[in-house]
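What follows is a short report on a single structure.
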Amino acid sequence: MSEVPMEYKVLKKKFSMSLQKTLKDELKAVLVFGGVAANRVYSGVSDIDFMIIIDHIKNLKSFSETIDNIGKEILSMVENPLFASLLDYEIYTLDQLPNDKSMNGFSAVKALALKESEILFGENYFEKLDIDKENLKSSALLMVHEYLSKLISYNSSPKFDPMFEDEDDNMYDDDLSEEIFLAVDAVLLSAQAYHMIKNNKYVSMPDVVLYGETEKIEGVDNSLIIDIGYLKQGVENKVENVVNRSIDFCGQIIDTLSKL
């Protein structure tokens, strides 16, 4: 874990300025949310979560042109090897954003993270959003249930037959890698949701791993959070029975969240 590296800072400034220049009045805000906004990242692993907010849809032709222009700017960024793996983004129009009357299908967990966004351009339309704790808990439970369902589905699906090996006698591990990737996300995001609800504020992923030791969640496998944190950083770390433990972990988080 480290402070935000220079390439992250350069991409934020360069991408925001290019969007402003290209979209002009159509662009209403460029926000960065998540760990980068909180200055808490895994260098070279964490990406930058951009929220691009554009004007209301006036007509389909102008909307299509705006999306095309955004696509061109994104392509110009990812063609640069320095930025290729760092850029993640979402695009919303003003009328798609949550408000005091409706979340408009927005995840309350994400909305809480967006309340603490870094503003690169425009204003933070989430800053004054009032997020009900029960809505937040329901959103978190839904997210964890979805990860749990995916993990169970992957775990019960057929794997590659052992007789199919490559020339180095190594098992093809594409399915296994995808399963582990899903397990990493399931554990870290589930724990993150718990801490965000408990603290009623955004909690970065590096802090979630740190909390695995310093602010343990009662009734869950906190050691798994720490081990998964190493996997997230690409550190060679043998985690025994990681998928089954992740399934159990999601179940434990669901029980714990239900009692908050």
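Here are a few things to note about the model shown:
- Top-ranked residue in the stretch 170-189 [being under 14 Å from Arg245 (Cα atoms) and modelled with pLDDT under 90; ranked as surrounded by the fewest Cβ atoms within 10 Å (Cβ to Cβ)]: Phe181
- All positions within the stretch 199-249 that are under 18 Å from the mean Cα position of the chain (by Cα), among the aliphatic types (A, V, I, L, M) and part of a loop (DSSP other than H, G, I, E, B): Val203
- The combined condition, being at pLDDT below 95, part of a loop (DSSP other than H, G, I, E, B) and of a type in the set (Ser, Thr, Tyr), is fulfilled by Ser102.
- Tally of residues being in contact with a Leu (Cβ under 9 Å, 6 or more places away or on another chain), within 14 Å of Leu31 (Cβ to Cβ) and acidic (Asp, Glu) across the stretch 91-122: 1
- Sole exception among (1) closer than 23 Å to Gly234 by Cβ; (2) within 20 Å of the chain's Cα centre (by Cα) for Pro81, by number: (2)
- Among the residues of the stretch 156-169, not a single one is open to solvent by 50 Å² or more (accessible area, probe 1.4 Å), at pLDDT below 75, of a type in the set (S, T, N, Q) and more than 29 Å from Asp207 (Cβ to Cβ).
- Lone qualifier among Ile52, Ile70 - being open to solvent by less than 30 Å² (accessible area, probe 1.4 Å) and either touching a Lys or Arg at 6+ places or on another chain (Cβ under 8 Å) or under 29 Å from Asp130 (Cα atoms) (or both): Ile52
- Test: residue in the stretch 31-43 that is over 28 Å from Lys133 (Cβ atoms), open to solvent by 50 Å² or more (accessible area, probe 1.4 Å) and either among the aromatic types (Phe, Trp, Tyr) or touching a residue at least 24 places away in the same chain (Cβ under 8 Å) (or both): yes
- In the stretch 1-30, residue farthest from Asp185 (Cα to Cα) [restricted to those that are surrounded by fewer than 20 Cβ atoms within 10 Å (Cβ to Cβ) and of a type in the set (Gly, Ala, Ser)]: Ser18
- Restricting the stretch 190-209 to residues that are open to solvent by 40 Å² or more (accessible area, probe 1.4 Å) and not basic (Lys, Arg), the residue that is nearest to Gly219 (Cα to Cα) is Asn199.
- Looking across the stretch 189-238, the residues that are among the aromatic types (Phe, Trp, Tyr) and in contact (Cβ under 8 Å) with a residue 12 or more places away in the chain come down to Tyr194, Tyr202, Tyr211.
- Boolean, Asp55 is at pLDDT 95 or above and either closer than 20 Å to Asp95 by Cα or not aromatic (Phe, Trp, Tyr) (or both): yes
The values are calculated or read from the model by the stated rules, or taken from the named source; none is laboratory data. Keep in mind that what you see is a predicted model, and the values were worked out from it rather than measured. Cβ: placed from backbone, ideal geometry, glycine included. Neighbour counts: every protein chain shown. Keep in mind that these areas ignore ligands, DNA and RNA; they rest on the heavy atoms of the full protein, side chains included. Shrake-Rupley method; radii C 1.70, N 1.55, O 1.52, S 1.80 Å.
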